[in-house]
1. Quick one: Thr64 ticks every box in (1) without any contact (Cβ under 8 Å) to a residue 24 or more places away in the chain; (2) in contact with a Ser or Thr (Cβ under 6 Å, 6 or more places away or on another chain) bar one, so which box is it?
2. Mind checking which residues of segment 67-81 are in contact (Cβ under 8 Å) with a residue 24 or more places away in the chain, of a type outside the set (S, T, N, Q) and surrounded by fewer than 16 Cβ atoms within 10 Å (Cβ to Cβ)?
3. Got a number for residues in segment 24-52 being modelled with pLDDT under 95 and either in contact with a Pro (Cβ under 9 Å, 6 or more places away or on another chain) or crowded, with 19+ Cβ neighbours inside 10 Å (or both)?
4. Checking the condition of a type outside the set (D, E, K, R) and under 11 Å from the mean Cα position of the chain (by Cα), which residue from His43, His81, His96, His33 passes?
5. Restricted to segment 57-87, and to residues that are assigned to a loop (DSSP other than H, G, I, E, B) and hydrophobic (A, V, I, L, M, F, W, C), which residue is modelled with the highest pLDDT?
Amino acid sequence: MTTTIELPPAIAGYFAADRDRDAATISRHFTEHAVVQDEGKLHTGREAIRTWMSDSWAKFSATTEPFAIADQGPATVVTSHVASDFPGSPIDLRFHFVLEGDLIAKLEVTS
C-alpha cells in the first residue's frame, strides 16, 4: 500500500521519527506544551509525548504508513495504515494534527 503524499514538515518529521523509533526527535516536532490524545489518555508536554511514544513502541512493533491527507477546520487529518501485533490489526487510523507555526500543538489519534 505504498502511496506518496505531501505532508507539512512537522507532520512528515513525526512519521519519519515514528518509523525510526526515535522518541527524542518525535517530541521536537511538538510545541513545548503540546497535547496528544490517544487510546483515551492525554499526554501533555514534550517529555510526556516522548514517554508515550517509547511506551507504545515497547508494547507494539507497529508500522504506520500515511496514505491520505485532508484539512478539517483547524486540523490536518492524515489517514494511515497501521499494522502490528495488537488486536484488530491492521487498521486505518486518523491522526488529527493541529499545527502552531512549524510545530504540532495538538494530536488526536482516532479510528
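1. Answer for Thr64: the failing condition is (1).
2. Of everything in segment 67-81, those that are in contact (Cβ under 8 Å) with a residue 24 or more places away in the chain, of a type outside the set (S, T, N, Q) and surrounded by fewer than 16 Cβ atoms within 10 Å (Cβ to Cβ) turn out to be Phe67, Ala68, Pro74.
3. So the count comes out to 0.
4. So the residue among His43, His81, His96, His33 that is of a type outside the set (D, E, K, R) and under 11 Å from the mean Cα position of the chain (by Cα) is His96.
5. Per the stated criteria, the residue is Ala62.
The values are calculated or read from the model by the stated rules, or taken from the named source; none is laboratory data. Keep in mind the model is a prediction, meaning the values are calculated, not measured. We place every Cβ from the backbone using ideal geometry, glycine too, and count neighbours over all the protein chains shown.
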